[in-house]
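Below you'll find the structure, written out as structure tokens, and then a few comments.
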Amino acid sequence: VPILDKYHVPLVLNGHEHSYQRSWTLRAGQVVEGEGAVYVTTGGGGASIYPVFPRPFLAFAESAHHYVRSEVNGFNMTLRSIRIDGQEIDKITLSPPPIITENGAVNAASFTPALAPGELVSVFGWQLAAGELSAARLPLPSSISGVSVTLDGQRLPLLHVSPTQINAQLPFDAADPTVLRVTTPNGSSDISVALSEVAPALFPAGSVAHADGAPVDADSPARPGEFLMVFLTGLGRVNGQIAPGQAAPAAPLLTVRAPVEVRLGNATIQPSFAGL
């Protein structure tokens, strides 16, 4: 039970007992209102039936041969218990709300709490989306399959949603401190986030490329005197106006306000361009 509670499991299916039993919503073994697990015992598949007895945690129970049918519709799951004579004896719909983990809003490149205006952010939790979907084009959408993320009420553009992770972009005018909220058809979950002026972070793979866009790696190393492109997030505000989720303009180029320098070993390099 502590493991199930820790990972916010909404449904637990049991066998062994030859009967049908469904609990109220439980957490730490106690009946609760709101977030918790429903326990269903479904053991009436054909062997002899056991008697069932009233329990404070039981919402419904019947000693009968039966099966349980599960129907998943987006964010909801409906369980129907069907007796051997075809009669529906119990029905429940589970609609678990989203849950953001503690310190669950992090830099999308480094997975650290360091965040800045315009940053790409990853949000981790449970029941954040009904499936795994990515944005198909620019500008990025502010909602994907019923999932939205806001920062102090302002909707964020979304790159990707899944049950346990959402990737989004913070607005360039975001101020500290602020509250990030994930909303689904089943409810919402909030987390406080702190912002800095800059929070640069390189992505683990593919961050450095040749001028033609090909990655710099062991098979295609950088050469002395060559111009390279470095891709990262968290350089902060830009000189100019652009809404989050929009494609970076080709003209005029938008540079970042904060000074940027690159270090290669002991050498310090002033970039020819630092911006979107």
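In segment 266-275, the residue that is farthest from V208 (Cα to Cα) out of those that are open to solvent by 70 Å² or more (accessible area, probe 1.4 Å) and of a type outside the set (S, T, Y) is N266.
Looking at the structure I just gave you, is E33 charged (D, E, K, R), surrounded by fewer than 16 Cβ atoms within 10 Å (Cβ to Cβ), assigned to a loop (DSSP other than H, G, I, E, B) and at pLDDT below 95?
Details: charged (D, E, K, R): yes; surrounded by fewer than 16 Cβ atoms within 10 Å (Cβ to Cβ): yes; assigned to a loop (DSSP other than H, G, I, E, B): yes; at pLDDT below 95: yes.
So E33 fits the description; yes.
In this structure, does A135 turn out to be crowded, with 21+ Cβ neighbours inside 10 Å, in contact with a strand residue (DSSP E or B) (Cβ under 8 Å, 6 or more places away or on another chain), under 18 Å from G245 (Cα atoms) and at pLDDT 95 or above? Quick ask: steps written out before the conclusion?
Values: crowded, with 21+ Cβ neighbours inside 10 Å: no; in contact with a strand residue (DSSP E or B) (Cβ under 8 Å, 6 or more places away or on another chain): yes; under 18 Å from G245 (Cα atoms): yes; at pLDDT 95 or above: yes.
It is false that A135 is crowded, with 21+ Cβ neighbours inside 10 Å, in contact with a strand residue (DSSP E or B) (Cβ under 8 Å, 6 or more places away or on another chain), under 18 Å from G245 (Cα atoms) and at pLDDT 95 or above.
In segment 98-110, the residue that is farthest from R27 (Cα to Cα) out of those that are of a type outside the set (S, T, N, Q) and modelled with pLDDT of 95 or more is A109. Residue pairs whose Cβ atoms lie under 6 Å apart, separated by 6 or more positions or on different chains, with the first residue in segment 228-256 and closer than 21 Å to H210 by Cα and the second open to solvent by 60 Å² or more (accessible area, probe 1.4 Å) and assigned to a strand (DSSP E or B), are L232/L202. When P97, P113, P117 are checked against the criterion of being crowded, with 19+ Cβ neighbours inside 10 Å, part of a loop (DSSP other than H, G, I, E, B) and under 16 Å from the mean Cα position of the chain (by Cα), P97 stands alone in meeting it. Restricting attention to segment 203-224, and to residues there that are in contact (Cβ under 8 Å) with a residue 24 or more places away in the chain and out of contact with any Ser or Thr (no Cβ under 8 Å at 6 or more places or on another chain), which single residue is surrounded by the fewest Cβ atoms within 10 Å (Cβ to Cβ)? Restricting to residues being in contact (Cβ under 8 Å) with a residue 24 or more places away in the chain and out of contact with any Ser or Thr (no Cβ under 8 Å at 6 or more places or on another chain), the top hit is P204. Would you mention how many residues in segment 141-170 are within 16 Å of A108 (Cα to Cα), open to solvent by 40 Å² or more (accessible area, probe 1.4 Å) and not in a strand (DSSP E or B)? Of the residues in segment 141-170, 1 are within 16 Å of A108 (Cα to Cα), open to solvent by 40 Å² or more (accessible area, probe 1.4 Å) and not in a strand (DSSP E or B).
Give the residue that is surrounded by the fewest Cβ atoms within 10 Å (Cβ to Cβ), with candidates limited to residues of segment 43-88 that are part of a strand (DSSP E or B) and of a type in the set (V, I, T). Walk me through it before giving the result.
Taking segment 43-88 as the starting set, the residues that turn out to be part of a strand (DSSP E or B) are 58-62, 66-73, 76-83, 88.
If we keep only those that are of a type in the set (V, I, T) as well, we get 68, 72, 78, 82.
Numbers: V68: 16, V72: 10, T78: 14, I82: 17.
Taking the candidates together, the pick is V72.
Take the conditions (1) over 30 Å from D173 (Cβ atoms); (2) open to solvent by 20 Å² or more (accessible area, probe 1.4 Å); (3) outside any loop (DSSP other than H, G, I, E, B); N103 misses just one of them, which is (1).
The values are calculated or read from the model by the stated rules, or taken from the named source; none is laboratory data. Given the structure is predicted, the values throughout are model-derived calculations rather than measurements. Cβ: placed from backbone, ideal geometry, glycine included. Neighbour counts: every protein chain shown. Heavy atoms of the whole protein, side chains included, go into the accessibility calculation; ligands, DNA and RNA do not. Shrake-Rupley method; radii C 1.70, N 1.55, O 1.52, S 1.80 Å.
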